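Colleague: Below is a structure I'd like to ask you about.
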Ligand code: DGY
């Protein structure tokens, strides 16, 4: 079986694939045009797919009828038409669990960075504007005992809730498609409606899977219903937020601030007005960027491909 891998990944997964006797197709260069990428896909039976530059949609599956399996090097699968893949009996593997701690660490980091105005203060140091002690300047807010609202309480949301509860004794509320009984039992989390989540969160952190119905869910009318001290955190997908409306909410101080590891589009333009604001911290989609998580993703994506090559079910699959 020939497996196309479109970018370099940690060696651990490559070794597993090679030891399993699979043939690896690697591109000559990593930044490919759509045509170049498609050319490689046409030669393969399976893809170990890194990044979401290209979409796996009906057109793709028609153009590459040989593709029998896709193993994503990500937990998110919003760039794959899962319904289309399922109709064609193509399993789409993904890599949950192994990145939950790393990604929730970034949400936790952003929450504190925004609460304590880290970007603003760091910029002052870089600009040579280190102020003398001023009792009234650059004041942040403490997170102790505040309410953390989780939108999408899956594995990453659970980790974020757990560390925020442990570190800051935060009260956890959440909104999800289903009740998360483990979170209710272990973290004392309370299920609330979306409206209650928006109105009562001091920090609202997005962790759901992104689907078309979520596009611009966090828009002007939602920001206007949030508390004025609220911090909006997004480490899931940039499509959740209407960035024009978020900008307005931040400028007009409708909310306290925002911490984003994901934007729409990515990369965010360096001229984007949001980047000029002092109540924002933006990171370049580094949620899973730890040695441990990326090794885990490499192993799990390889394991998914190997399972498929042996006629078995992938360990983690996005198909229903
Ligand atoms: C994921 O795993 O979905 C990360 O966001 C990387 O795309």
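Colleague: Criterion first (in contact (Cβ under 8 Å) with a residue 12 or more places away in the chain and touching a helix residue (DSSP H, G or I) at 6+ places or on another chain (Cβ under 9 Å)) does residue 82 satisfy it?
Modeller: On the way: in contact (Cβ under 8 Å) with a residue 12 or more places away in the chain: yes; touching a helix residue (DSSP H, G or I) at 6+ places or on another chain (Cβ under 9 Å): no.
Answer is no for this residue.
Colleague: Of everything in the stretch 117-140, what is part of a loop (DSSP other than H, G, I, E, B) and crowded, with 16+ Cβ neighbours inside 10 Å? Give them in sequence order. Don't jump to the end; show me each part of the working.
Modeller: Applying the first criterion (part of a loop (DSSP other than H, G, I, E, B)) to the stretch 117-140 yields 117, 127-140.
Listed by number, the residues that qualify are 117, 140.
Colleague: Taking residue 233, is it part of a strand (DSSP E or B), within 20 Å of the chain's Cα centre (by Cα) and modelled with pLDDT of 95 or more?
Modeller: Here the answer is yes, as residue 233 does meet what is asked.
Colleague: Closer than 15 Å to residue 242 by Cα, part of a helix (DSSP H, G or I) and in contact with a helix residue (DSSP H, G or I) (Cβ under 6 Å, 6 or more places away or on another chain), is that true of residue 222? Spell out the reasoning first.
Modeller: Values: closer than 15 Å to residue 242 by Cα: yes; part of a helix (DSSP H, G or I): yes; in contact with a helix residue (DSSP H, G or I) (Cβ under 6 Å, 6 or more places away or on another chain): yes.
When the stated conditions are applied, residue 222 passes them.
Colleague: Give just the number: which of (1) away from the ligand (no atom under 11 Å from the Cβ); (2) over 17 Å from residue 262 (Cβ atoms) does residue 105 not satisfy?
Modeller: Checking residue 105 against (1) away from the ligand (no atom under 11 Å from the Cβ); (2) over 17 Å from residue 262 (Cβ atoms), the one that fails is (2).
Colleague: Another one. Could you say whether any residue in the stretch 289-304 is within 24 Å of residue 11 (Cβ to Cβ), buried (at least 19 other Cβ atoms within 10 Å of the Cβ), at pLDDT 95 or above and more than 15 Å from the ligand (Cβ to nearest atom)?
Modeller: yes
Colleague: Residue by residue through the stretch 241-274, note down the ones that are without any contact (Cβ under 8 Å) to a residue 60 or more places away in the chain, within 16 Å of the ligand (Cβ to nearest atom) and touching a strand residue (DSSP E or B) at 6+ places or on another chain (Cβ under 6 Å).
Modeller: Across the stretch 241-274, the qualifying residues are 241, 262.
The values are calculated or read from the model by the stated rules, or taken from the named source; none is laboratory data. Computed from a predicted structure; not experimentally measured. Backbone-built Cβ (ideal geometry, glycine too); neighbour counts: all protein chains shown.
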